[in-house]
Amino acid sequence: MILCFGILLLLGLASIGRDGRSLPFYGVLCALSGGTVSSGLLWLTTAAALLVLSIGTWRWLQQFAPHRPEREAIWPIIGAMVLLLALGLSGATLGLAATLATGVVLTGLCGAVSGPVLVQFSGFIRAACGLLVLACVLHSWFFLVASIALSVVFFVFGLVLLPRLAWRRVEGDLV
């Protein structure tokens, strides 16, 4: 459990300031992390939702030009690390799994606070994946349904807004 969550948190920190090229691997790691603390139909539903969300979003984001991170992407990473430290120091009463899953949500939200629109959208999708993992940790069907609804809302916003705000890829060139 700790290994899966540790790798997931490292990938979350490494993907801050970057576009959604790592979303499929992130979704698989989220499903594995959720599987370490949950089982049965709840985990199966969560894993299916995670894989559909991450791989579907990744396939859809391929039509946009890739983003190359800049030097200023370091500040959200530092902010995420400070928030994770504060969460680790104060969240001892929640339990280890809930604290780590909340950290996954926080890294996604820290990735959504800066950068171009494509990077922010990828951060929100990572935060939604973290909420799905948190639903597994809490063993809550209500939280799972709410997380799936929030993921659908993020995806619909992306479908509507990203074509107007992000650069499209046309035959390998930017338009």
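Read-outs: derived from the displayed coordinates by stated rules, not from any lab. None of these values were measured; they are calculated from a predicted model. Cβ sites come from the backbone with ideal geometry, for glycine too, and all protein chains shown count toward neighbours.
In table form, for the structure just shown:
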{"quantity": "Whole-number percent relative contact order across the stretch 1-151, with pairs defined as alpha carbons under 8 Å at least 6 apart", "calculated": "32"}
{"quantity": "Size of charge dipole - the chain - debye, nearest 20, with Cβ of Lys, Arg +1 and Asp, Glu -1, no other charges", "calculated": "160"}
{"quantity": "Amide H partners (placed H, <5 Å) of F64, local residues excluded", "calculated": "R169"}
{"quantity": "Nearest-0.05 FRET efficiency for I78 and L3, computed from C-beta distance (R0 25 Å)", "calculated": "0.50"}
{"quantity": "Relative contact order of the stretch 1-62, pairs being alpha-carbon contacts under 8 Å that are 6 or more residues apart, as %", "calculated": "39"}
{"quantity": "Angle between the chain longest axis and helix 74-90 axis [Cα atoms, degrees, rounded to 10]", "calculated": "10"}
